[in-house]
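Chemist: Got a structure for you, written out below as structure tokens; questions coming shortly.
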Amino acid sequence: MTHRRLRKTGFVYQRPDSNAWWVGYSHAGKRYKESSHSTKKQVAIDLLKTRLAEAGKGRPVSEAGKVTLKDLRTFHTNDYARRKLKSTKRIGQAWARIIEHFGPEDEKAITVTAARLEEYVDARFAQKAQPGTVRNELAALRRGFNLSQRKGALLASEVPTAWPQVAEGARREGFFERAEQERVRAALPPDVGDLVEFLFWCGWRVGEATGLRWKNIDLKAQVIRIETSKAKEQRTLPYGTLDVLVKVIAHRREVSDEVQRRRSIVVQHVFHRNGEPMGSFRKSWITACVAAGLGREVREPDTKDAAGTVIKRGSLIKKEAFRIVHDFRRTAARNLSRAGVPEQVIMRICGWKTRSVFDRYRIVPEADLREGLAKLAGS
């Protein structure tokens, strides 16, 4: 075995069973050996110099092989929990997509290169993912890398520095007119219908409304107080000033009281299903939108006879909704603005902390633009 010492801190050598040159060095009382995968001694010397420089920064690069995608996800989710951020479901979905593409959870983090990141973006767009979704997924992965570097699990040289740029997608412009909202509500289960009525008027996030508890409501004063929100601010909604919200809250109290008597339980949530917290209602939402004329059924081609008459309707493939529940936030912002409510008050009611985010939601529909031009023509 041939050795060559380098500044008395490491050495390069050849093993009897290999033509490749290897490097050996010590760090923090532990010995490390690594193949240069080259038959050229100079390649091994250069590798050793690199490893010694990295070890001088706190940790040998060989330790990077122990950091997996699961570790990055754990760093990220723990950071969210520690800072008490609200979008844990969204980052969970983002990491599920990341793991699905890059490999199993035990895939080494250092295998995620700039080229693979570009491939990831292309693959997600091929799957018809929205630009905003892809941006959020990349942000989750990047945050995981940054946290791993901050914790010393990875060095700066092991963290990707070139990240794909994803253009911001077109803003959604879905709105509900009152008649449309009433048709959707009528086609929904009663408990979900009450939730939809509440969201139409106040424009809250779905998670804020489904997480609303009776302890947050002063029934006598007719005021709702949220202790924490996504914007990390206390929110107050004096719902007593709007009769329709008074009726919704009163009805939910009646429903909750009935469930408590029947099941002998304490119902904590305002919007619930038979006393249980309200989970996802995506399927019933899509079905209701289709029934209300705000969606469609996608079917196989119809079977026709020689004369072109349909003899068998095509099998149902799926149902699609043209609106999403989040459109109620845009709707509420528009309606409040139409009513002459000051922008700062709208932001407080709906829960927007910054003007830039608020501006993305207060999109002016074409009907309002036509009305504005009509006023100009008549002036």
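The values are calculated or read from the model by the stated rules, or taken from the named source; none is laboratory data. If you're wondering where the values come from, they're calculated on a predicted model, not measured in any experiment. Every residue, glycine among them, receives a Cβ derived from its backbone with ideal geometry; neighbour counts consider all protein chains shown.
Chemist: Going by the conditions given, is R205 at pLDDT 95 or above, under 30 Å from K84 (Cα atoms) and surrounded by 13 or more Cβ atoms within 10 Å (Cβ to Cβ)?
Modeler: It is false that R205 is at pLDDT 95 or above, under 30 Å from K84 (Cα atoms) and surrounded by 13 or more Cβ atoms within 10 Å (Cβ to Cβ).
Chemist: Of the conditions (1) at pLDDT 95 or above; (2) in a helix (DSSP H, G or I), V266 satisfies every one except a single condition; which number is it?
Modeler: Single failed check for V266: (2).
Chemist: When the residues of the stretch 297-356 are filtered to those that are among the small types (G, A, S) and assigned to a loop (DSSP other than H, G, I, E, B), which remaining residue is nearest to F198 (Cα to Cα)?
Modeler: G351
Chemist: Related question: Restricting to the stretch 238-252, and then to whatever is free of Cβ contacts under 8 Å to residues at least 40 places away in the same chain and among the charged types (D, E, K, R), can you tell me which residue is nearest to H269 (Cα to Cα)?
Modeler: K247
Chemist: From K57, K40, K66, grab the single residue that is of a type outside the set (A, V, I, L, M, F, W, C) and either at pLDDT 85 or above or over 15 Å from K151 (Cα atoms) (or both).
Modeler: Details: K57 fails: either at pLDDT 85 or above or over 15 Å from K151 (Cα atoms) (or both); K66 fails: either at pLDDT 85 or above or over 15 Å from K151 (Cα atoms) (or both).
So the residue among K57, K40, K66 that is of a type outside the set (A, V, I, L, M, F, W, C) and either at pLDDT 85 or above or over 15 Å from K151 (Cα atoms) (or both) is K40.
Chemist: Continuing with this model, one more query. Here are the criteria: (1) over 22 Å from the mean Cα position of the chain (by Cα); (2) at pLDDT 95 or above. Tell me which single one V223 does not satisfy.
Modeler: All conditions pass for V223, except number (2).
A quick yes/no check of all residues on (1) among the β-branched types (V, I, T); (2) closer than 22 Å to Q222 by Cβ; (3) surrounded by fewer than 17 Cβ atoms within 10 Å (Cβ to Cβ); (4) touching an Asp or Glu at 6+ places or on another chain (Cβ under 6 Å):
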residue: L242; (1), (2), (3), (4): no, yes, yes, no
residue: R263; (1), (2), (3), (4): no, no, yes, no
residue: H272; (1), (2), (3), (4): no, yes, no, no
residue: R282; (1), (2), (3), (4): no, no, yes, no
residue: K304; (1), (2), (3), (4): no, no, yes, no
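Chemist: On to the next question. Answer with yes or no whether V166 is in contact (Cβ under 8 Å) with a residue 40 or more places away in the chain, closer than 30 Å to P238 by Cα and not assigned by TED's automatic domain parsing to the domain that holds T74.
Modeler: Working: in contact (Cβ under 8 Å) with a residue 40 or more places away in the chain: yes; closer than 30 Å to P238 by Cα: no; not assigned by TED's automatic domain parsing to the domain that holds T74: yes.
When the stated conditions are applied, V166 does not pass them.
Chemist: Of all residues in the stretch 101-126, which are under 19 Å from E158 (Cβ atoms), small (G, A, S) and without any contact (Cβ under 8 Å) to a residue 12 or more places away in the chain? Can you show your working first?
Modeler: From the stretch 101-126, those under 19 Å from E158 (Cβ atoms) are 102-103, 105-118, 120; that's our starting set.
Narrowing further to those that are small (G, A, S): 103, 109, 114-115.
Hit for the stretch 101-126 is A115, nothing else.
Chemist: Within the stretch 316-343, take every residue that is small (G, A, S) and surrounded by 10 or more Cβ atoms within 10 Å (Cβ to Cβ) and give me the one that is modelled with the lowest pLDDT.
Modeler: From the stretch 316-343, those small (G, A, S) are 321, 332-333, 337, 339-340; that's our starting set.
In the following step, the residues that additionally are surrounded by 10 or more Cβ atoms within 10 Å (Cβ to Cβ) were identified as 321, 332-333, 337.
Numbers: A321: 93, A332: 90, A333: 87, S337: 84.
So, considering only residues that are small (G, A, S) and surrounded by 10 or more Cβ atoms within 10 Å (Cβ to Cβ), the one modelled with the lowest pLDDT is S337.
Chemist: Considering V184, V248, which residue is modelled with pLDDT of 95 or more and over 26 Å from the mean Cα position of the chain (by Cα)? Spell out how you get there, then give the answer.
Modeler: On the way: V184 fails: over 26 Å from the mean Cα position of the chain (by Cα).
Just a single option satisfies the conditions, and that option is V248.
Chemist: Also, I was wondering about something else. Taking T287 and the conditions (1) touching a helix residue (DSSP H, G or I) at 6+ places or on another chain (Cβ under 9 Å); (2) within 25 Å of E197 (Cα to Cα); (3) not in a helix (DSSP H, G or I), which numbered condition does it fall short on, given that it satisfies the others?
Modeler: Of everything listed in (1) touching a helix residue (DSSP H, G or I) at 6+ places or on another chain (Cβ under 9 Å); (2) within 25 Å of E197 (Cα to Cα); (3) not in a helix (DSSP H, G or I), T287 misses just condition (3).
Chemist: Determine whether the stretch 359-369 contains at least one residue that is at pLDDT below 85 and under 19 Å from the mean Cα position of the chain (by Cα).
Modeler: yes
Chemist: Would you mention how many residues in the stretch 66-118 are surrounded by fewer than 18 Cβ atoms within 10 Å (Cβ to Cβ) and either within 12 Å of the chain's Cα centre (by Cα) or part of a loop (DSSP other than H, G, I, E, B) (or both)?
Modeler: 16
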